[in-house]
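These notes concern the structure reproduced below.
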Amino acid sequence: MALALRINGEIHEIATDPETPLAYVLRNELKLKGTKLGCGLEQCGACAVLANGACALSCAKPAKLFEGIEILTIEGLAATEIGARVQAAFKKVSAVQCGYCTPGLVVATTALLLKGGPVDRESAGKALKDQICRCGSHDRVLKAVLIAAEQN
């Protein structure tokens, strides 16, 4: 069965089982390797993508659930004003250790800023509650969120 998915501004017709989790479709079918597979249970956040501007975890959700939705992966974020700003803030404060969780953190931060409204350390922490960094860079990540939010 073919799925039509709009990813990073392009429609992709993908011949795959519609029950295949989106993260696997992104990585294996479309070769978009930025979306990471961490736990496979939507508990670590490494698989985060933007779905119609909201953070969505993709390692367990079937790709068919994303039909008709605008999906933006980490590869597409740099082309957006807020996504580029978030990436620059992460770089500025060295909010990256091994980098495995970073795409999910950047996606979740972008989703937070897309919502609008004030952002402080507490709201940033709540927005990133589903993101796990095993290297312990959360303090720098929160600094990056606040820097990116200042420009919002």
- Residue in region 15-27 that is farthest from Leu37 (Cα to Cα), counting only those that are crowded, with 16+ Cβ neighbours inside 10 Å and at pLDDT 95 or above: Thr20
- Message: So Gly9 ticks every box in (1) under 15 Å from the mean Cα position of the chain (by Cα); (2) surrounded by fewer than 17 Cβ atoms within 10 Å (Cβ to Cβ) but one. Which box is left unticked?
- Response: (1)
- Query: If you go through region 7-24 one residue at a time, how many are touching a helix residue (DSSP H, G or I) at 6+ places or on another chain (Cβ under 6 Å) and closer than 18 Å to Ala46 by Cβ?
  - Reply: 2
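Is at least one residue of region 87-108 hydrophobic (A, V, I, L, M, F, W, C), touching a Cys at 6+ places or on another chain (Cβ under 8 Å) and over 20 Å from Val49 (Cα atoms)? First the steps, then the outcome.
Residues of region 87-108 that are hydrophobic (A, V, I, L, M, F, W, C), as a first pass: 88-90, 93, 95-96, 98, 101, 105-108.
If we keep only those that are touching a Cys at 6+ places or on another chain (Cβ under 8 Å) as well, we get 98, 101, 105, 107-108.
Keeping just the survivors that are over 20 Å from Val49 (Cα atoms) gives none.
No, that holds for no residue.
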- Task: Starting from residues that are assigned to a loop (DSSP other than H, G, I, E, B) and out of contact with any Asp or Glu (no Cβ under 9 Å at 6 or more places or on another chain), keep the ones in region 7-32 and report whichever is farthest from Gly116 (Cα to Cα).
- Result: Asp17
- In region 15-42, which residues are under 21 Å from Leu77 (Cβ atoms) and among the β-branched types (Val, Ile, Thr)? Val25, Thr35
- Message: Looking at the structure I just gave you, is Gln97 within 22 Å of Ile7 (Cβ to Cβ) and either polar (S, T, N, Q) or under 13 Å from the mean Cα position of the chain (by Cα) (or both)?
- Response: no
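The values are calculated or read from the model by the stated rules, or taken from the named source; none is laboratory data. Keep in mind that this is a model prediction, so the values were computed, not measured. Reconstructed Cβ throughout: ideal geometry from the backbone, glycine too, with neighbour counts over all protein chains shown.
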